[in-house]
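Coordinate-derived values only; no laboratory data. In this text, all values refer to a predicted model and were calculated from it rather than measured experimentally. Here the Cβ positions follow ideal geometry from the backbone for every residue, glycine too, while neighbour counts run over all protein chains shown.
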Ligand code: XIL
């Protein structure tokens, strides 16, 4: 059962004009009533975990299936929540037809523009913000060698933001990356990229810091306030977009692991609440029952706010306490 005694994160966040969100996946939303209840009670923004990714939307060229994305958008609207669209251009979860299709530069520009226009246009006025480009920088700080960069060149970023802006001029357009918890080169390169995009008047409206952390990532947490201040100097709003804190698993997590995890959750939220221009924090899932972590990181897990039985963990209480502080 989900914690019923406290006011819930959503109410605490709304009292201070803050957005607290989670990614949402379609299967548990349809099949696990406890999941849907918890999302509606605890969060005021959702990010579709996979439903808006290119490869999920378009299994064959020229064809889009929006049924899962529509269901998530309807759910969010029914519960008065904002939607953060994720992710228009990425190197992963691309359609097979694109990866195997060997498009020419002109064809790929057309594919890019059509995709961004179709998806952003469909939800114009309903999806408030978008991750337009996801993870364009490699950990060594160079532009990542992905299909967009290889075939189109660095202008693909400008093209994506321009197309998204024309399709919904009111949407807030994000660049999203895992810059800070990677290397200094990565963080510096993200900053430089944003500075040059801004300099070229690319319609970028925010930067998303994913923050998939581990218990050993305390240095990333310590660096966060200065990173946020630096980004604020660029005049860009910042959001924590995919926050989770995974741990090594052998049996159940220990009390010590859970306490360390809670302090990472607390520090990241506190840094965001005290920074200029950081008014959104989205966790990448909220219950360990439904989390990407064990599928992607062998022998790691327990990254979220509730355990597998929907019992709140110290990490949940840490966020609630931080939201209650003046
Ligand atoms: C992950 C999802 O959680 C998984 O369900 C999916 O199989 C792979 O992608 N960075 C991102 C997210 O920007 O889209 C990724 O989500 C996690 C890492």
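Here are the numbers for the structure shown:
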{"quantity": "Matching option when the condition is away from the ligand (no atom under 16 Å from the Cβ) and closer than 18 Å to residue 160 by Cβ, among 88, 98", "calculated": "98"}
{"quantity": "Qualifying position, being more than 30 Å from residue 315 (Cα to Cα) and surrounded by 19 or more Cβ atoms within 10 Å (Cβ to Cβ), among 160, 187, 182", "calculated": "160"}
{"quantity": "Residues of segment 70-110 that turn out to be more than 16 Å from the chain's Cα centre (by Cα) and either assigned to a loop (DSSP other than H, G, I, E, B) or without any contact (Cβ under 8 Å) to a residue 24 or more places away in the chain (or both), as a count", "calculated": "15"}
{"quantity": "Segment 127-150, subset buried (at least 16 other Cβ atoms within 10 Å of the Cβ) and farther than 21 Å from residue 195 by Cα, residue farthest from the chain's Cα centre (by Cα)", "calculated": "147"}
{"quantity": "Among (1) assigned to a loop (DSSP other than H, G, I, E, B); (2) surrounded by fewer than 18 Cβ atoms within 10 Å (Cβ to Cβ); (3) touching a helix residue (DSSP H, G or I) at 6+ places or on another chain (Cβ under 9 Å), the one test that residue 166 misses", "calculated": "(1)"}
